Amino acid sequence: MNNNKHWFLKGLKDGIPIAMGYFAVSFALGFTASSAGLTVFQATLASLLCNASAGEYAGFVGIASKVSYLTMAAMIAIVNIRYLLMSASLSQKLPEETGLPHRLLVGFWITDEIFAASATVPGKLNPFYNYGLAISSLSFWALGTCFGAIVGNVVPDNVVSALGVLLYGMFLAIIIPPARENKILRLLIILAMSSSFLFSKLPVLSSISNAIRITILTILISTAAALVFPIKEDEDNQETGEDTSYKEAVEVKNAQ
Amino acid sequence: MRSNYTYIFIMFSVSFLIRVLPLTLIRKQIKNITIRSFLYYVPYVTLAVMTFPAIMEDVEKPIAGLFALIVGIITAWFGGGLFPTAVACSVVVFVLELFI
């Protein structure tokens, strides 16, 4: 029991650097939510339940274009599909005898940053470490979304326009640095952006909603890339695509 | 009329299922290299598709969005990090929309 308390407190503490990054990203996301027509309460609720930046963004785009429920489910599945890998990896990291409620709760709170922090713990993982991490960092995720949605409802149009690109800037800050080191990622990003542009401009294709375009292109390009450029063993160990600076901060803390 | 709450419920259920299936039922590492590669590439591709051309469509003047994209890529390329890159994009749009 004492051990659980120790890990919980350690998690709370290690979650603090993650919380700051979360607050900023979710503030921008709250903004997207309010432009998509969600109320402040709905935006906050979505963040409390979904804990995912790209996933929630995709959801808000879907809500804005009033996609069918089936389309919504498909796009959320694709955008969040990488969590399968993290969940599979944590299933090896938890003690064999860990009960179902703990497994469900650890799964519910998997994010890129929480995964990075908990997967690098030496030895077996105490689920209370994840709870500590999740509670200190994800409360700021929800709070940031709430503030972003409030601000999105009150500021004038030209500020809406400027704040609206904050999230895209953050997406670029996530994908560009690894692309600088890896020319396959560079190629894929250029391919993804240009085909996304073409899809939105060409006749017929441009009638596809943004939500479906994101889903289709993600499947097509990632599948092609997986077949043509299979990764080397373990290349994906730490690289999950989300902001690595916070992961590094947490890893350094864990190493100490 | 589709309800926002139903959408949020679907978003929650699907994200939750993906996160708990391997932890509860499968309980194995994913070894297949093609699947691992696919999962590795998805975030980069999806964020790139989400960013462009949306960055031009979500602002009042598309050209301001295009400049924000270029400035954002340059800032991130040279190690700007999360906040500076986001703020740089935002400032570009704010200033350009004042003058264009």
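What to note about this one:
- Filter result for A:Phe115 (more than 9 Å from every other protein chain (Cβ to nearest Cβ), assigned to a helix (DSSP H, G or I) and either closer than 17 Å to B:Val20 by Cβ or touching an Asp or Glu at 6+ places or on another chain (Cβ under 8 Å) (or both)): yes
- Check on A:Thr120, under 16 Å from A:Thr44 (Cα atoms) and touching an Asp or Glu at 6+ places or on another chain (Cβ under 9 Å): no
- Residue count, the stretch B:58-86 (criterion: more than 24 Å from A:Glu181 (Cβ to Cβ), at the interface with chain A (Cβ under 7 Å from one of its Cβ atoms) and more than 16 Å from the chain's Cα centre (by Cα)): 2
- Scanning the stretch A:158-191 for residues that are at the interface with another protein chain (Cβ under 7 Å from one of its Cβ atoms) and of a type in the set (D, E, K, R) returns a single hit, A:Arg180.
- Residues located in the stretch A:187-212, provided they are out of contact with any Gly (no Cβ under 9 Å at 6 or more places or on another chain) and within 17 Å of A:Tyr168 (Cα to Cα): A:Ile189, A:Ile190, A:Ala192, A:Met193, A:Ser194, A:Ser196, A:Phe197
- Qualifying residue in the stretch A:152-162 (condition: more than 15 Å from the chain's Cα centre (by Cα) and modelled with pLDDT of 95 or more): no
- Top-ranked residue of the stretch B:1-49 - restricted to ones that are outside any helix (DSSP H, G or I) and among the aliphatic types (A, V, I, L, M), ranked as farthest from the other protein chains (Cβ to nearest Cβ): B:Met1
- Residues that are in contact (Cβ under 8 Å) with a residue 12 or more places away in the chain and not β-branched (Val, Ile, Thr), drawn from the stretch A:146-168: A:Cys146, A:Phe147, A:Gly148, A:Ala149, A:Gly152, A:Asn153, A:Leu163, A:Gly164, A:Leu166, A:Leu167
- Residues in the stretch A:132-169 that are surrounded by fewer than 23 Cβ atoms within 10 Å (Cβ to Cβ), aromatic (Phe, Trp, Tyr) and either touching a Leu at 6+ places or on another chain (Cβ under 6 Å) or closer than 24 Å to B:Glu57 by Cβ (or both): 0 in all.
- Positions within the stretch B:7-44 being over 13 Å from A:Leu49 (Cα atoms), surrounded by fewer than 19 Cβ atoms within 10 Å (Cβ to Cβ) and not charged (D, E, K, R), in sequence order: B:Leu21, B:Thr24, B:Leu25, B:Ile26, B:Gln29, B:Ile30, B:Asn32, B:Ile33, B:Thr34, B:Ile35
- Residue selected from the stretch A:61-97 under the condition under 25 Å from A:Ser137 (Cα atoms) and more than 9 Å from every other protein chain (Cβ to nearest Cβ), by the criterion surrounded by the most Cβ atoms within 10 Å (Cβ to Cβ): A:Lys93
- Picking from residues in the stretch A:200-215 that are surrounded by fewer than 20 Cβ atoms within 10 Å (Cβ to Cβ) and in contact (Cβ under 8 Å) with a residue 12 or more places away in the chain, the one that is nearest to the other protein chains (Cβ to nearest Cβ) is A:Ser200.
- Scan of the stretch A:127-183 for residues that are closer than 19 Å to A:Ser35 by Cβ, part of a helix (DSSP H, G or I) and β-branched (Val, Ile, Thr), ordered by number: A:Thr145, A:Ile150, A:Val151, A:Val154, A:Val159, A:Val160
- The set of residues in the stretch A:34-51 being at pLDDT 95 or above and either within 22 Å of B:Leu47 (Cβ to Cβ) or not hydroxyl-bearing (Ser, Thr, Tyr) (or both) consists of A:Leu38, A:Val40, A:Phe41, A:Gln42, A:Ala43, A:Leu45, A:Ala46, A:Ser47, A:Leu48, A:Leu49, A:Cys50, A:Asn51.
- Of all residues in the stretch A:89-117, those being among the small types (Gly, Ala, Ser) and in contact (Cβ under 8 Å) with a residue 40 or more places away in the chain number 2.
The values are calculated or read from the model by the stated rules, or taken from the named source; none is laboratory data. Computed from a prediction, not measured in an experiment: that's the story for all the values here. Backbone-built Cβ (ideal geometry, glycine too); neighbour counts: all protein chains shown.
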